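Remarks on the structure that follows.
The values are calculated or read from the model by the stated rules, or taken from the named source; none is laboratory data. This one's a predicted model, so the numbers in the text were calculated from it and none came from an experiment. With ideal geometry, Cβ positions are generated from the backbone for all residues, glycine too; neighbour counts draw on all protein chains shown.
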Amino acid sequence: MDDFPGPASNIRRLGIMGGSFDPVHYAHLIVAETVREALGLDLVLFVPAGVQPLKRGQAVASVEDRVAMVQSAIEGNPRFALSRVDVDRPGPSYTVDTLRLLREEWGGPERVGMWLILGSDALMQFLKWRDPEGIIAQARLAVVQRPGVPVDTSRVNAELLQLSAALDPVEAPLIDISATDIRRRVAQGLSIRYRVPEPVRLYIEAHGCYKSQNKSNKTTS
């Protein structure tokens, strides 16, 4: 059933997918839809980051460009929605603060279950995030295997004992598309068709996003 799950008061299982989305691409959408279906989520919120503490200086499209691209990519899917919770507040986008604000908006854990969607590579960096205990106190982790990065929680579990109980592994197609490569291709005048949704490709072309990126830029997605 793909109909809209109803008003916010009817949302009981909510997925949170954060990131720079610089730009959003098909791998993001495939992961979000796969997790939504696997965990029976009512809605997946795409949360573009304002300033990411671990990626400062790396985003090369403006905040509003990234928001607009996400909005164009998810339009038409009633089970996807955009949240501006990070871009409309000052300072770095710490996940623990994002979840706290979303809790205030959507309701406590007794009313809404939240799943933070992560790639297995992000999970390996989880202990470097601000207040990882506070994160898993507010949301479960839906961990998706990404190309070349198997889900191995042994090291993280050793330092954060309660992690195992808060983790839901999800198998997803291994689509090896990266925002870094898309930006490089745009800068070099190469095609990005079938890597991003067509509305995103047209937005990038119309607004000249990534054209000024130096071809030797080594930024990460």
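The combined condition, being more than 21 Å from Leu102 (Cβ to Cβ), modelled with pLDDT of 80 or more and surrounded by 17 or more Cβ atoms within 10 Å (Cβ to Cβ), is not fulfilled by Ser164.
Within the stretch 38-63, count every residue that is modelled with pLDDT of 95 or more and within 21 Å of Ile204 (Cα to Cα). Before you say what the answer is, go through the steps one by one.
So the first thing to find is which residues in the stretch 38-63 are modelled with pLDDT of 95 or more, and the list is 38-48.
Next cut, within 21 Å of Ile204 (Cα to Cα) only: 46-48.
Residues that pass the stated criteria total 3.
Can you work out which of the residues in the stretch 106-136 that are in contact with a strand residue (DSSP E or B) (Cβ under 9 Å, 6 or more places away or on another chain) and aromatic (Phe, Trp, Tyr) is surrounded by the fewest Cβ atoms within 10 Å (Cβ to Cβ)? Show your work before the answer.
Let us first name the residues in the stretch 106-136 that are in contact with a strand residue (DSSP E or B) (Cβ under 9 Å, 6 or more places away or on another chain), namely 106, 112-124, 126, 130, 135-136.
Going one step further and asking which of them are aromatic (Phe, Trp, Tyr), we end up with 106, 115, 126.
Values: Trp106: 18, Trp115: 23, Phe126: 20.
Per the criteria, the residue is Trp106.
Whether any residue in the stretch 143-156 is at pLDDT 85 or above and buried (at least 18 other Cβ atoms within 10 Å of the Cβ) is what I want to check. Walk me through it before giving the result.
Of the residues in the stretch 143-156, the ones at pLDDT 85 or above are 143-144.
Add one more test, that the residue is buried (at least 18 other Cβ atoms within 10 Å of the Cβ), and what stays is 143-144.
The answer is yes; a qualifying residue exists.
In the list Ala81, Ala27, which residue meets the criterion of being out of contact with any strand residue (DSSP E or B) (no Cβ under 7 Å at 6 or more places or on another chain), touching a residue at least 12 places away in the same chain (Cβ under 8 Å) and of a type in the set (Gly, Ala, Ser)? Quick ask: steps written out before the conclusion?
Details: Ala81 fails: out of contact with any strand residue (DSSP E or B) (no Cβ under 7 Å at 6 or more places or on another chain).
Residue meeting the stated conditions: Ala27.
Pairing residues of the stretch 107-133 that are without any contact (Cβ under 8 Å) to a residue 40 or more places away in the chain and within 27 Å of Ile11 (Cα to Cα) with residues that are in a loop (DSSP other than H, G, I, E, B) and among the aromatic types (Phe, Trp, Tyr), at Cβ distances under 8 Å and at least 6 apart in sequence or on separate chains, gives Asp131/Tyr94. Each residue in the stretch 60-81 was checked for being within 13 Å of the chain's Cα centre (by Cα) and within 13 Å of Ala49 (Cβ to Cβ), and 3 pass. When the stretch 82-94 is filtered for residues that are surrounded by 18 or more Cβ atoms within 10 Å (Cβ to Cβ) and out of contact with any Pro (no Cβ under 9 Å at 6 or more places or on another chain), only Val85 remains.
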